[in-house]
Amino acid sequence: MQRTTTIIALLTAAAALTAHAQTATDYNPPRTPDGKPDLQGVWSTATATSLERPEGYPLVITPEQASEIEGGTLFNRRLATEASYVDPEEGAPEKGAALPPVGNYDVGWTDPGAYVTHINGELRSSWIVYPEDGQIPELTEAGRALEATSPRRRGTGYDHPEERGLGERCVLMNGGPPLRSGLYNNNVQIVQTPDHVMMMNEMIHEVRIAPFGDDAAPQAIEPWMGDQKASWDGDTLVIETTGIHPSQRLERLLLSKDARITERFTRISDSQILYQYEIDDPAVYTDVWRAESAMNLLDHRIYEFACHEGNYGLENILQGGRWNDRNNIAHTGGDKREE
C-alpha cells in the first residue's frame, strides 16, 4: 500500500521553500571520499509545476502567478475542501456507482506536489525550457505512426494483460528515465560508489544502476529503463540512456529505438539538486526538447511500496471483459479509451 501522506507533502513543501532561499552562486557541494559531489540521500520530485507550460504563462513567473497555478491544482483544491478525508459517518458507497468518488484515493493518500518549482530563486511554470513555448515538439509522420502501434491503442482494452498499462500491471511507473512528478510516491534514493550510481524510486522499488565507463549492453538487450552510462562533467553527474524497452518507449514516453535521453544532476544547495534532461529523437519529434526541475532533499526514509502484482484486480478486469464478450456488449477501444 502507498505510505505517502499529507505529512510528506508538507515536508516536500518545506524543502522547496528552503531551496527557494538558496542559490547556486559559489556553492561548494559536500563530497564523497573520491572527491565527487555527494548526491546521496532521499529526494523528492513532487511539484505543482506541470511538464508543459500552461497557456498564458512565461517560464519564470511571479509569486502571484505561482499562487494561481498552485491554487488551480486538483491536489490543493481537494486539500482545501476535504475537511474530513475519510468520514466514518458517511456509510457504505452506493452499489454500482461510477468512479470517482467510489474507491478513489482521498487527498490524504496523494502527494503530487503543492508548490511550483523553485530554482535559484526563480519560480517555474513548466518543466520544459526548450522549445521556448514550453510544449513538447510536434510528432513527425513516423512518430504518429509509431504512436498508433502502442498496445493501449489497439483492441478493446480488456482483451489481454498487455493492453493494460505498465503501472497497472506493476511493471513500471515513474522511475524514468526521465524522472517526473506523479500522483504520489515521488521519492528517489541516490547511492554512489566510484564505479556506479544507483537510483531507487519509491514507486514499485524501481532501481536504475548506471556504471561509470563506456561498457554498453548488447544491442539485442533492451531492458526496462534502458542501457545507462554515467559520467562526470565537472560537478554535474550525467547519465545517458539508450536502448529502452519497446513497451516502455510506446507507453511511458513515446520514443523510437534510437532515442537518446541525457540527464544531468547538479547539486546547487544543501537541500536541492537541479535535475535537467534532453530528449533527442529526430525519428519521433520535430525538434529536441529539454526540461528541468528541482529535486528537494527529504529527511526521511523511503517506505515499502507493495503493488497489486498477483492480486485480483487485473484478473477481474479481464474477467469483466470476457463477460461483456459473452453478452455481446461492445467496448470502446483504441485511443478513445479512458482508463
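Computed from the coordinates by the stated procedures, all read-outs in this text should not be read as laboratory data. Source: prediction; values computed, not measured. Heads up, the Cβs are rebuilt from the backbone with ideal geometry, glycines too, and the neighbour counts pull from every protein chain shown.
Using the Cα gyration tensor of the stretch 228-311, with a ≥ b ≥ c the square roots of its eigenvalues, what is the shape: rounded (a/c below 1.5), prolate (a/b larger than b/c) or oblate (neither)?
Taking the square roots of the gyration eigenvalues as a ≥ b ≥ c, the stretch 228-311 is oblate.
Where a ≥ b ≥ c are the square roots of the eigenvalues of the C-alpha gyration tensor, would you call the stretch 174-280 rounded, which needs a/c under 1.5, or, failing that, prolate if a/b is larger than b/c, or oblate?
Taking the square roots of the gyration eigenvalues as a ≥ b ≥ c, the stretch 174-280 is oblate.
Modelling each spin label as a point 7 Å along the Cα-to-Cβ direction, I'd like the Gln319/Trp232 distance in nm, to one decimal.
About 5.6 nm, to one decimal.
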